[in-house]
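Asker: Following this message is one structure expressed as structure tokens.
The values are calculated or read from the model by the stated rules, or taken from the named source; none is laboratory data. Remember, it's a predicted structure, so these values are computed and weren't measured experimentally. Here the Cβ positions follow ideal geometry from the backbone for every residue, glycine too, while neighbour counts run over all protein chains shown. When the accessible area is computed, the model is the full protein with side chains, heavy atoms only, and any ligands, DNA or RNA have been set aside. Shrake-Rupley method; radii C 1.70, N 1.55, O 1.52, S 1.80 Å.
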Amino acid sequence: VLVVVSVSVNICWHFLVGWMPSYLKEDRGMTYLASGYWSAVPFLAADVGNLAGGALALVLARGGLPPARARLGVMAGCAVLISAGAGVGFAPNDLATIALLASMALGAAAFMANYFAFCQEVSPRHTGLVVGILGGLGNLFAAGVLPMAGWVKDQTGGFAPIFVVVGFAPFVGVAALAMGWGREEPKALDAALDELA
């Protein structure tokens, strides 16, 4: 389940990191300097998302929701924020573009904060190993998708179709969690990871 979650958010995040300045320069016509400055805004929004994603899940859990449900609810809301990115290619002006990119980055960072909490539940004793394996798998998949973004740009003349795909990808991760999360006892996996470590 968490491999699907990792892949769904990593292709979104790495697309933003890898292609956002090119998008602002080539599709939006910004200068190199302006695209660099404006690229900072979504990353500042991601900083807010890193903190707000965990804080909101904590508030919901303290309000009576089981922690897994609280995190899943936050991640579903984050997927909605990320899906705003589907409109980036159709934004009427640069300010709207930056606002949509900021929404996407905020949602992706808050999504990841809660994803990492799920990773901790897989194996409390080997969280670093679990996160490393899942992150590696997610990054490998993202590395395969990113060149396709360039190919789509070359074929269509813009990044709009890729923004649609990566904007909706996290919904796949949320659906996988909603349907497949059921771990309560990590003891068997901990024993297997003890042997690996």
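Asker: Report, to the nearest whole %, how much of the accessible area of the chain belongs to carbon and sulfur atoms, 1.4 Å probe, protein only.
Answerer: So the carbon and sulfur contribution to the accessible surface is 69 percent.
Asker: Sort His14, His126 by heavy-atom solvent-accessible area, probe 1.4 angstrom, most to least.
Answerer: Values: His14 55, His126 30 Å².
Heavy-atom accessible area, descending, gives His14, His126.
Asker: Another one. Between helix 187-196 and the chain, what is the angle of the helix's C-alpha long axis to the longest principal axis, kept within 0 to 90° and rounded to the nearest 10?
Answerer: 70
Asker: According to the square roots a ≥ b ≥ c of the eigenvalues of the Cα gyration tensor, what is the shape class of region 55-171, taking rounded for a/c under 1.5, prolate for a/b larger than b/c otherwise, and oblate for the remainder?
Answerer: On the way: a/c = 3.41, a/b = 1.51, b/c = 2.26.
It is oblate, given that a/c is not under 1.5 and a/b is not larger than b/c.
Asker: Enter the accessible area per residue of the chain (Å², integer; probe 1.4 Å; all protein chains in place).
Answerer: Solvent-accessible surface per residue comes out at 49 Å².
Asker: Also: Tell me the angle of helix 67-83 to the major Cα principal axis of the chain, expressed in degrees between 0 and 90 and rounded to the nearest ten.
Answerer: Taking the Cα atoms of the chain, the angle to 67-83 is about 10 degrees.
Asker: Which residues in region 1-34 have a backbone N closer than 18 Å to a point placed 7 Å from the Cα of Met148 along the Cα-to-Cβ line?
Answerer: Inside the label zone: 3-20.
Asker: Between Val41 and Thr156, 0.36 nm times their residue separation minus their Cα-Cα distance comes to what?
Answerer: Numbers: separation 115, 0.36 × 115 = 41.40 nm, distance 2.68 nm.
Working it through step by step, the gained length comes to 38.7 nm.
Asker: Also, quick follow-up: Please work out which option in (1) 147; (2) 114; (3) 126 gives volume of the Cα convex hull per residue in Å³ calculated from these coordinates, and answer with its label.
Answerer: Working out volume of the Cα convex hull per residue in Å³ from the coordinates points to (2).
Asker: Okay, moving on. For the pair Arg62 and Asn50, how long in nm is the line joining their label points, each one 7 Å along Cα→Cβ?
Answerer: Once both label points are built, they end up 2.2 nm from each other.
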